[in-house]
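Peer 1: Have a look at this one.
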Amino acid sequence: MAKKPHTTITHPHYACSIGAAYTVSAIPGAIPIINCGPGCVDQQYFTMSFCNGFQGSVGAGGGDIPGTNSGENEIVFGGAKKLDGVIKSALKIMKGELFVVLSGCSPQLVGDDVASVIKPYREQGYPIVHAEVPGFKGNNLWGHEEVVLAIIDQFVGETKGVHRRRKLINLWMGAPYFNTFWRGDIIEIKRILEAAGFEVNVFFGSESAGVDEWKSIPKAAFNLVLSPWLNLRVAKHLEEKYDQPYLHIPVLPVGEEATTAFLRQVVEFAGIDNTKAEKFIEKESKRYYYFFDHFADFFAEYWFGFPSQFAIVGDAAYNIALSKFLADQIGLIPVGQIISDNTPVKYREEVAALYDELSEGVYGNVEFIEDGYLIEHKISEYDFGSSTPLILGSSWEQDVAKEKNAVLVEVGTIATEEVVLNRTYIGYTGALQFIEKVYSAAVSG
Amino acid sequence: MAKNIQLDLETVENREMRLGSIISWDGKASELVELSRYEERALRHKGCPGAGKNGEGCRLCELNMPFNQQSMCANSIAACQAGNIRDCVLIQHSPVGCTARNPEFNLAFRNGLERRGIEPRNINIMTTNLLENDMVFGASEKLKKAAREAFERYNPKAIFFSMSCSTAIIGEDLSSIASEMEDELGIPVAPMQCEGFRSKHWSTGFDISQHAVLRHIVNKHPKKQPDLINIVALWGTDYFTDMLKPLGLRVNYIMDIASFDELAQTSEAACTSTFCHTLGSYFATALEEVYGVPQVRAPQPYGFAGTDAWLRAIAKQVGKEKEAEEFIAAEHERVKPKIEELREKLKGVNGFVLTGSSYAHGLISVLRDLGVTVDGSVVFHHDPVYDGGYEEQNTLKTLVDNYGDILHFTVGKCQPFQLPALLSRVKADFIIIRHNGLAPNAARMGIPSFAIGDEHFPVGYDGLIRVGEAVLEVLARKKMNQVLRRHVELPYSDWWLSQKDPFILAKHPEILDEEAEEGQE
């Protein structure tokens with residue numbers, strides 16, 4: 001694939017790499033320390049959390065994140081001294097078991113030697129690591145991988161003769177907070193895997209055992225990358241570092257058929273006995289169709305119309321997962337799919353191929369666009385036929401949705417018309433919640 | 001009198017240099033009034049030696065803390081100002097992250113449009129989306145391309161450029177590019193040197209964006225509109241018309257939600273005022289000095305005393321003294337029974353105010369008029385003087401003179417880690433707050449927050465009623481906060497939570513070395 005041309009961006013659908021502070025913040029017991037200008041991580045909070053389902057924060061997120069607030073003095077004379085003061089006090093003031101320094105644009109451009117600021121603390125045994133994540137190097141997804149790799153290399157460290165646990169999986173899904181539904185998604189996938197007999201390191205959120213879980217990364221039988229491209233870099237690194245294999249499942253499972261296939265694939269890859277898994281599948285399927293069956297009444301005989309054709313804008317993970325579910329399991333007609341997460345060029349061909357057949361005889365029309373102006377322009381040109389269009393997207397698509405007289409359901413960054421807590425649109429439970437959400441929106445107003 | 005506002009200069013001096021602003025202080029409000037030496041420092045008296053120039057000699061003492069938490073920057077403020085003009089476009093010359101707060105400004109913009117009776121729509125702020133190569137080779141061409149794109153896509157009346165930390169460090173020349181594009185596109189192109197590291201307080205960003213509007217948009221050949229009054233505002237509801245229409249005045253809000261023409265005509269107005277001198281003083285003073293548009297020499301319109309004085313000052317300006325007196329008398333009569341009722345209900349209630357500087361002074365007046373006890377407040381910075389520099393605008397002094405001292409008056413730039421110690425010194429049944437980061441921790445400590453999104457809410461006589469009623473509703477939320485308090489924790493160490501003095505580290509930085517090992521337990 002050719003090198004992509006540079007674009008200006010209106011209405012960005014992602015944060016910059018300093019947004020990866022929220023990757024740290026999502027680890028129970030971990031504290032990000034921001035080494036850059038006075039407004040950087042505060043800005044990212046709005047794209048990552050507040051204006052993304054009003055997720056909020058626990059632990060060291062939101063206003064609690066320590067930072068250098070580097071000023072003119074640090075630009076002219078270097079920021080090492082100020083950073084040292086912030087680290088020294090953060091270690092004492094914040095309740096943390098792992099401290100991650102994230103360096104942004106300014107220290108990188110003025111050439112601060114952050115490693116030597118941190119070195120004495122590391123030598124004294126403080127659990128502190130450093131990631132260089134200047135915003136001009138990448139977005140929050142790139143930053144997420146950088147931070148995860150920094151923790152693996154500088155905190156988890158080298159291991160020799162570690163005992164692998166056959167049923168322990170390291171689960172790598174979307175980036176915390178950036179994925180609006182990450183908390184619910186982790187709960188659902190962990191629930192499914194545990195029911196089949198696995199133990200799961202989830203690393204982030206309510207179900208994570210925190211930094212201890214990170215320490216146990218090398219003990220896992222394999223890494224499960226459940227995303228189109230994000231975290232592949234992490235899995236490949238772990239393969240090299242610990243000779244740990246990985247299983248890449250690019251499409252998040254949504255609905256009974258996809259979720260059952262997903263679970264069987266993982267069980268088969270792990271080579272564990274499938275009795276538990278099959279029993280669980282039977283139970284889950286029964287429940288799922290109990291509700292799906294109820295939904296049939298509405299779907300079959302609602303007089304007043306609802307959307308038949310849909311477009312979607314969002315990160316690669318949700319984009320393909322929801323497109324597949326709607327096209328394959330509900331029978332909505334896909335009009336266009338816009339991936340807005342700046343998927344690295346080297347993965348684009350592979351990701352685009354996932355849309356080749358969304359369902360039997362149903363083909364995708366996928367494009368990678370980051371500039372919101374062009375995205376909205378593209379949607380505006382879509383022909384949705386004569387019924388009410390369904391647009392799955394973000395708050396940035398509000399205006400074009402209005403122009404097209406469409407139903408807009410926010411399914412990713414930015415989401416300011418949703419308050420999201422423990423919600424998921426994936427797996428068995430998530431698919432039903434997704435149906436509820438889409439059709440509640442369709443019948444309201 | 002010598003002119004102090006220098007619109008011929010590319011940019012405005014930082015607040016800490018121009019006004020002696022500070023971001024870290026703790027004491028009694030009356031002490032801060034004393035130390036501020038407002039009158040001596042006033043630029044219209046040429047400032048006290050050093051204050052306006054090198055900051056030497058009479059800089060207010062600050063408590064330098066080794067620990068910081070993050071809040072806003074000047075770049076972000078410039079975006080929430082110049083990026084929220086209806087028919088202009090802001091281009092942020094930056095990596096994508098400097099635009100990450102824009103979704104919130106979009107919420108504010110959409111709400112603001114609705115409040116002013118205009119169809120809500122999204123803001124159009126562009127970023128040049130700079131990458132690593134741009135840091136090495138420069139990005140001027142990308143900025144020019146962005147300007148042409150903005151022109152083509154949005155047909156703006158003017159374009160703003162904003163500087164970020166990275167583009168400032170690599171030495172992008174916003175001004176030359178702006179004048180080049182101005183010639184090419186035939187519309188004003190206004191550069192803003194608002195890189196985040198430039199000033200220690202974000203409010204310098206207000207001045208920078210106002211400076212850009214004054215230089216590039218304001219009509220340089222004004223035709224007077226004697227019934228027009230400028231109100232420097234944010235996105236607030238149009239409560240000012242209710243108060244100013246009886247004086248025969250039309251309100252011209254600047255800068256959020258305004259149109260290019262509304263900004264241009266500010267030089268034609270009869271006078272200028274604001275809901276907050278922290279925000280509005282630079283703009284008002286510039287219009288006064290450069291275009292002879294007088295600024296209202298009065299306290300801010302909060303509480304009975306402030307609102308009375310504000311209305312009288314405006315009336316004097318436009319020759320409507322009689323109308324004003326009638327209006328004031330009628331309004332007092334109208335709101336009195338309701339306010340008596342609220343005072344009764346709010347008896348024994350304690351409040352705590354955390355907002356931008358002079359806005360807090362106004363809010364405390366409102367709360368005290370309602371009979372709410374306020375023994376503590378955090379202002380996010382303190383300007384010892386405003387650009388206007390008129391005695392009547394000394395808001396902190398007005399507060400202390402009219403309503404008495406505030407025992408625990410703290411200057412702090414949104415530092416949530418200090419909140420436990422700050423709130424342990426006073427009784428607080430609720431907090432009133434603007435800006436993010438602090439209220440969630442108050443919530444976890446069992447204290448509900450009244451987050452004032454509509455900054456005009458407390459203005460005027462009706463503002464007293466609005467605030468009183470809102471406080472009663474907020475107090476009810478304490479139930480939720482008590483649940484939180486019973487079940488969740490703050491992310492701070494027990495050692496820190498046991499500290500009584502929020503500024504202990506500034507006074508005794510050696511404490512960090514002494515107990516370094518214990519912190520590791």
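The values are calculated or read from the model by the stated rules, or taken from the named source; none is laboratory data. Only a predicted model underlies this, so the values are computations on that prediction, with no experimental measurement involved. All Cβ positions, glycine included, derive from the backbone under ideal geometry; neighbour counts span all protein chains shown. Side chains are part of the model used for accessible areas, which takes the heavy atoms of the whole protein and leaves out ligands, DNA and RNA. Shrake-Rupley method; radii C 1.70, N 1.55, O 1.52, S 1.80 Å.
Peer 1: Assuming A:T388 fulfils every condition listed in (1) within 13 Å of another protein chain (Cβ to nearest Cβ); (2) out of contact with any Leu (no Cβ under 7 Å at 6 or more places or on another chain) apart from one, which condition is it?
Peer 2: Going through (1) within 13 Å of another protein chain (Cβ to nearest Cβ); (2) out of contact with any Leu (no Cβ under 7 Å at 6 or more places or on another chain) one by one, A:T388 breaks only (1).
Peer 1: Provide a single number: the residues in region B:119-128 that are within 7 Å of chain A (Cβ to nearest Cβ) and either touching a Lys or Arg at 6+ places or on another chain (Cβ under 9 Å) or open to solvent by 50 Å² or more (accessible area, probe 1.4 Å) (or both).
Peer 2: The total comes to 5.
Peer 1: Select the helices (runs of 4 or more DSSP H) contained entirely in region A:91-190, then report the ones holding at least 3 residues which are under 19 Å from the mean Cα position of the chain (by Cα) and within 14 Å of chain B (Cβ to nearest Cβ).
Peer 2: A:140-151
Peer 1: Out of all the residues in region A:50-73, which are outside any loop (DSSP other than H, G, I, E, B), within 16 Å of the chain's Cα centre (by Cα) and facing chain B (nearest Cβ under 7 Å)?
Peer 2: Answer for region A:50-73, where residues must be outside any loop (DSSP other than H, G, I, E, B), within 16 Å of the chain's Cα centre (by Cα) and facing chain B (nearest Cβ under 7 Å): just A:F50.
Peer 1: Select from region B:486-508 the residues that are more than 13 Å from chain A (Cβ to nearest Cβ) and either surrounded by 15 or more Cβ atoms within 10 Å (Cβ to Cβ) or free of Cβ contacts under 8 Å to residues at least 24 places away in the same chain (or both) and list them in ascending order.
Peer 2: Answer for region B:486-508, where residues must be more than 13 Å from chain A (Cβ to nearest Cβ) and either surrounded by 15 or more Cβ atoms within 10 Å (Cβ to Cβ) or free of Cβ contacts under 8 Å to residues at least 24 places away in the same chain (or both): just B:R486.
Peer 1: Does B:A233 count as small (G, A, S) and open to solvent by 10 Å² or more (accessible area, probe 1.4 Å)?
Peer 2: In short, no.
Peer 1: While we're looking at this one, here's another question. Does region A:30-44 contain at least one residue that is touching a helix residue (DSSP H, G or I) at 6+ places or on another chain (Cβ under 6 Å), open to solvent by 10 Å² or more (accessible area, probe 1.4 Å) and assigned to a loop (DSSP other than H, G, I, E, B)?
Peer 2: The answer is no; no qualifying residue exists.
Condition check ((1) at pLDDT below 90; (2) more than 23 Å from A:G71 (Cβ to Cβ); (3) out of contact with any Phe, Trp or Tyr (no Cβ under 7 Å at 6 or more places or on another chain)) across all residues:
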{"site": "B:E10", "(1), (2), (3)": "no, no, yes"}
{"site": "B:E13", "(1), (2), (3)": "no, no, yes"}
{"site": "B:I22", "(1), (2), (3)": "no, no, yes"}
{"site": "B:E31", "(1), (2), (3)": "no, yes, yes"}
{"site": "B:E39", "(1), (2), (3)": "yes, yes, yes"}
{"site": "B:H45", "(1), (2), (3)": "yes, yes, yes"}
{"site": "B:P49", "(1), (2), (3)": "yes, yes, yes"}
{"site": "B:K53", "(1), (2), (3)": "yes, no, yes"}
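Peer 1: Scanning for something crowded, with 23+ Cβ neighbours inside 10 Å, in contact (Cβ under 8 Å) with a residue 60 or more places away in the chain and touching a strand residue (DSSP E or B) at 6+ places or on another chain (Cβ under 9 Å), does region B:316-330 turn up at least one residue?
Peer 2: no
Peer 1: Regarding A:K236, is this residue in a loop (DSSP other than H, G, I, E, B) and either open to solvent by 20 Å² or more (accessible area, probe 1.4 Å) or on the phi < 0 side of the Ramachandran plot (or both)?
Peer 2: no
Peer 1: Then there is this: Do we find a residue being outside any helix (DSSP H, G or I) and open to solvent by less than 10 Å² (accessible area, probe 1.4 Å) anywhere in region B:278-291?
Peer 2: Scanning region B:278-291, I find no residue that is outside any helix (DSSP H, G or I) and open to solvent by less than 10 Å² (accessible area, probe 1.4 Å), so the answer is no.
Peer 1: Out of the residues in region A:96-121 that are without any contact (Cβ under 8 Å) to a residue 24 or more places away in the chain and not small (G, A, S), state the one that is most open to solvent (accessible area, probe 1.4 Å).
Peer 2: Per the criteria, the residue is A:K119.
Peer 1: Return the pairs, sorted by first residue and then second, in which the second residue is surrounded by fewer than 23 Cβ atoms within 10 Å (Cβ to Cβ) and of a type in the set (G, A, S), the first residue lies in region B:95-118 and is more than 7 Å from chain A (Cβ to nearest Cβ), the beta carbons are less than 8 Å apart, and the residues are 6+ apart or on different chains.
Peer 2: Pairs found: B:A108/B:G453; B:N111/B:G453.
Peer 1: Counting only residues that are open to solvent by less than 50 Å² (accessible area, probe 1.4 Å) and of a type in the set (D, E, K, R), how many does region A:346-364 have?
Peer 2: Adding up the residues that qualify gives 1.
Peer 1: When you go through (1) open to solvent by 30 Å² or more (accessible area, probe 1.4 Å); (2) in contact (Cβ under 8 Å) with a residue 60 or more places away in the chain one by one for B:K220, which number turns out not to apply?
Peer 2: (2)
Peer 1: Does A:H13 qualify as being in a loop (DSSP other than H, G, I, E, B) and open to solvent by 20 Å² or more (accessible area, probe 1.4 Å)?
Peer 2: Against the criterion (in a loop (DSSP other than H, G, I, E, B) and open to solvent by 20 Å² or more (accessible area, probe 1.4 Å)), A:H13 does not qualify.
Peer 1: Could you check A:G314 against (1) farther than 14 Å from A:V411 by Cβ; (2) open to solvent by less than 20 Å² (accessible area, probe 1.4 Å) and say which number it fails?
Peer 2: (1)
Peer 1: Still on this structure, please answer the following. Any chance you could count how many residues in region A:77-90 are free of Cβ contacts under 8 Å to residues at least 12 places away in the same chain and more than 7 Å from chain B (Cβ to nearest Cβ)?
Peer 2: Here the count works out to 2.
Peer 1: Sticking with this one: Which residues, taken from region B:443-485, are within 14 Å of chain A (Cβ to nearest Cβ) and either more than 22 Å from the chain's Cα centre (by Cα) or in contact (Cβ under 8 Å) with a residue 24 or more places away in the chain (or both)?
Peer 2: The answer is B:A443, B:R444, B:M445, B:S449, B:G453, B:M480, B:L484.
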